[in-house]
Amino acid sequence: MATTDDGTPTTFLAEVKSAVTVRAALLVIGVLGLMVAFITSYTGAFHHPEPRDVPLAVVAPPQTRGELVGKLDQLPGSPLDPRTAPSESDALRQLKDRKVDGALIVDPRGSTDRLLVASGGGASLSQAVELVIKAAEKDQRRTVRTVDVTPADAGDSRSLTSFYLVVGWCVGGYLCAAVLAISAGARPANGQRAVIRLTVLALYSILAGLAGAVIVGPVLDALPGSLPALWGLGALVVLAVGATTLAFQGLLGIIGIGLAILLIVVLGNPSAGGAYPYPLLPPFWQAIGPALPPGAGTWAARSIAYFRGNATTGPLLVLSAWAVGGTLVTVVLATLRRKNNNRNTDGERLPA
């Protein structure tokens, strides 16, 4: 039987209480909750992908255009959101501007139509649209030939490199913030120290953005696009995730790291549109994806790589909002903490 320092016997229950504190037990329960949430989120997002309201431009003769759009719009399960386009060039422009995910060009003089897709925006989505259109055309005794106008690069299998790149940047962002917390306390003691941490994070973000862009570009030749643009995007992604993690830590202490993992990894990654772009995800993940850093980063990275940077304003604003919001919350909480500490030192009662 174990004994205390003075030789007094101790019970097994006492040993357990001594070895596992209440705080440690709560943290373990929190980790278990994160694991359950991880399994639930990823399985819920990926277990049954099917297209829902995929934007589709339709170019057809005026006399059949309305009827065709109506039939496509009424397909079981609403896989498509068709809209007419005046010409093939206009449909192609919409596709390259990322306003639609496919374009059906009807041949008025034959029975073989063309489906324009852009697999650089997500191979699984292009394939899903192709299957839906082929089934619909077969019912009308027509055939369709698929033309990939913006294919994924040879080194970018299924257009997943953008997603993996952004995931890596996100991991770097919250790990950097976590290391700063572990090494010097989760909550900065004052506003000046918060600014110092944010400055370190900003410098790290610049280096991390460059490293990621160089690896997927010149080193591995896995992703085309502008190296400076990808570098800037990477720095913004890392800063957004890192600043958000610092803000959570300032609010909740070390538990804030778990909250960052919940937001970025558990909710953000499966809803990012990586393996399955937004129209293939269930409604919940489809709704939250564009508002979270992984989703905004993945969309912007693909736009830079394959669509000449089109349709990046929204995602960049989302990332900037997370970066600015996290920065402000971190500094404000640290400043308030310093003021509260000063009041406590002066013998004044802390506010409730």
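Sort out which residues of segment 265-277 are under 10 Å from the mean Cα position of the chain (by Cα) and more than 16 Å from T40 (Cβ to Cβ), and write them in order of number.
As a first pass, look at segment 265-277 and keep what is under 10 Å from the mean Cα position of the chain (by Cα): 265, 267-274.
Those that are under 10 Å from the mean Cα position of the chain (by Cα) and more than 16 Å from T40 (Cβ to Cβ): A272, G273, G274.
Looking at Q74 and the list (1) surrounded by 12 or more Cβ atoms within 10 Å (Cβ to Cβ); (2) more than 30 Å from N269 (Cα to Cα), which single condition is not satisfied?
So the condition that Q74 fails would be (1).
From A211, A136, A154, grab the single residue that is touching a helix residue (DSSP H, G or I) at 6+ places or on another chain (Cβ under 7 Å) and either buried (at least 16 other Cβ atoms within 10 Å of the Cβ) or without any contact (Cβ under 8 Å) to a residue 40 or more places away in the chain (or both).
Sole residue among the options that is touching a helix residue (DSSP H, G or I) at 6+ places or on another chain (Cβ under 7 Å) and either buried (at least 16 other Cβ atoms within 10 Å of the Cβ) or without any contact (Cβ under 8 Å) to a residue 40 or more places away in the chain (or both): A136.
Hand me the list of helices (runs of 4 or more DSSP H) wholly inside segment 224-323 holding 2 or more residues that are farther than 16 Å from C170 by Cβ and aromatic (F, W, Y). Give the steps one after another, and end with the answer.
Values: elements: 227-252, 255-261, 283-288, 293-306.
Fully inside segment 224-323 and qualifying: 283-288.
Is it the case that segment 52-59 has a residue that's in the same structural domain as E88 (by TED's automatic domain parsing), in a helix (DSSP H, G or I), at pLDDT 90 or above and not hydroxyl-bearing (S, T, Y)?
Checked segment 52-59: no residue is in the same structural domain as E88 (by TED's automatic domain parsing), in a helix (DSSP H, G or I), at pLDDT 90 or above and not hydroxyl-bearing (S, T, Y).
Against the conditions (1) in the same structural domain as A60 (by TED's automatic domain parsing); (2) at pLDDT 95 or above, where does V167 fall short? Just the number, please.
(1)
In segment 260-311, which residues are over 14 Å from T161 (Cβ atoms), in contact (Cβ under 8 Å) with a residue 60 or more places away in the chain and of a type in the set (V, I, T)?
Passing the criteria: I261, I264, V265, V266.
The values are calculated or read from the model by the stated rules, or taken from the named source; none is laboratory data. For clarity, every value in this text was computed on a predicted model and none was experimentally measured. Virtual Cβ from ideal backbone geometry, glycine too; neighbours counted across all protein chains shown.
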